[in-house]
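Take a look at the structure below.
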Amino acid sequence: MNSTQLSKTDTSITGESIGASTEAFFDEIEAWEAAVEHSCAPLRISLDASCPLRARLIEQRFEALQLSRVTSVECRCEHDRQHISQSPDDAFLYSLQLQGEGQLVQGERSVAIRPGDGVLYDCSRPFQWTFAGDLQQLVVRLPRDLFRGRINDPDKCTALRIAGGQGIGRLLAAQLQSLLDERNAIQPGTRRYAAGSTVDLLAGVLSELSLQVPGPASNLQTYHLNRAYACIAERIRQPGLAPEAIAKSLGISLRYLHQLFHGTGTTVGRYIQDMRLDGCARELITLPARAHSISDLAYSWGFENSAHFSRVFRNRFQLSAREYRAQHSLLR
């Protein structure tokens, strides 16, 4: 791993770990992904082929809060279903944008974030970040339990822009920056109070935001949507997989199936395509190139046209399949 790391000795209060304050620099994606997974969540990180990685991570634990300052060149980050199945994590991330612009997609929502803005997102569901230019964020990792008794339904507030320029949003932004800047000056015995006040401020921001958001989908809709996900996963490699066949298998109308996916901000066809692209991307990394050509992998995941596959792969990952494989082969 090419990284330089500085750390302070761990201390504890009332039997609870405070955690080390660390600062590290990275120039290899594999090491960077491992560091981000430890501090935030597992991610697949992609760079433009002509852009070498330059990244920095400062992190500090305050009781159950993990607070990090993330700095990197332009990149794309994805937290997918494979990450979730391998490392289940019932936690939220809150990102405060300090530099650069980002686009977060989670479920049916897509939100553009600029310096000063914040956004909450859920580690138990897939999400994607796309950044334009160099970036810097403050990222807070919060177990779901921290919201208990503070806010009833934090899920309602995910992937929504939280302005940090006024009101309680501005107070939260200032609190997060001060907390990390003063991390070495805050005494162990008072860190619990700093952490508690931070969670209270975030809960206040989310409570204010939740008043503007409609309620979640019904339990019946969620039930049928999960059945559709399972059906697609079972048949994802079949080239002829189509919405009509899925609806018939589930015993629901085609129109209702489309309504279910519309409520998540995508379409049945786009969801199938994204699942196939995720599968191809994994196998481009894990399977040997000599025995598995790019065309063979594309066809094995249900793509019937190599030109179409090449186009949608580049749109999704900002690299050609060949570039994607070459970039990740350097890490093995």
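Remarks
- Largest GNM mean-square fluctuation among Gly189, Gly302, Gly165, using the chain with Cα springs under 10 Å: Gly189.
- Put a plus charge on the Cβ of each Lys and Arg, a minus charge on the Cβ of each Asp and Glu, and nothing anywhere else: the dipole of the chain about its Cα centre is then about 640 debye.
- Percent RCO, i.e. relative contact order, over the chain, from Cα pairs under 8 Å lying at least 6 residues apart: 14 percent
- Inter-label distance, nm, simple model (7 Å from Cα along the C-beta direction), Asp181/Leu220: 5.4 nm
- Extension gain, Asp296 to Ala132, is 55.8 nm, computed as 0.36 nm per intervening residue step minus the present C-alpha separation.
- Rounded, prolate or oblate (a/c below 1.5 giving rounded, otherwise prolate when a/b exceeds b/c) for segment 178-332 by Cα gyration tensor: oblate
- Highest mobility in the GNM of the chain, judged by mean-square fluctuation with C-alpha springs under 10 Å and restricted to Tyr299, Tyr271, Tyr223, is found for Tyr223.
- Exposure proxy ranking for Val139, Val205, based on other Cβ atoms within 10 angstrom of each Cβ and starting from the fewest, stands as Val139, Val205.
- In Hz, Karplus ³J(HN,Hα) per residue of segment 164-180 (6.51, -1.76, 1.60; θ = phi - 60°; x = Gly, Pro): x, x, 7, x, 5, x, 5, 4, 5, 4, 5, 4, 5, 5, 5, 4, 6
- Per-pair calculated FRET efficiency, R0 = 22 Å: Tyr229 and Leu254 via Cβ, rounded to 0.05: 0.85
- Expressed in units of 2.2 N^0.38 Å, where N is the residue count, the Cα radius of gyration of segment 100-210 is 1.08.
- Table column - 3J(HN,Hα) (Hz), segment 291-303, Karplus curve with 6.51, -1.76, 1.60, x for Gly and Pro: 9, 9, 6, 4, 4, 4, 5, 4, 5, 5, 9, x, 6
- Computed over segment 219-329, relative contact order equals 25 percent, with contacts defined as Cα pairs under 8 Å that lie 6+ residues apart.
- Gain in span if fully extended, Ala163 to Arg237, counting 0.36 nm per residue against the direct Cα distance: 22.4 nm
- Cα-only radius of gyration and Dmax that characterise segment 41-160, units Å: 14.1, 48
- Considering only alpha-carbon pairs that sit under 8 angstrom and 6 or more positions apart, the relative contact order computed for segment 130-279 is 20 percent.
- Kirkwood hydrodynamic radius over Cα pairs of the chain, then Stokes diffusion coefficient at 20 °C and 1.002 mPa s, in µm²/s: 100 µm²/s
- Segment 253-274 and segment 53-108: distance between their alpha carbon centers, rounded to Å: 27 Å
- Estimated FRET transfer efficiency (Ser124, Arg170; beta-carbon r; R0 41 Å; 0.05): 0.90
- Listed residues Thr198, Thr286, Thr130, most fluctuating in the chain (Gaussian network, C-alpha, under 10 Å): Thr286
- Think of the chain as a dipole: +1 on every Lys or Arg Cβ, -1 on every Asp or Glu Cβ, centred on the Cα centre; then among Phe309, Cys75, Gly251, Gly251 lies furthest on the positive end.
- The distance from the alpha carbon centre of segment 190-251 to that of segment 289-308 is 31 Å, rounded to a whole number.
- Helix-derived mean residue ellipticity, 222 nm - over the chain, DSSP H n ≥ 4, -39500 (n - 2.57), to 500: -12500 deg cm²/dmol
Coordinate-derived values only; no laboratory data. Please read these numbers as outputs of a predicted model, since none were measured by experiment. Backbone-built Cβ (ideal geometry, glycine too); neighbour counts: all protein chains shown.
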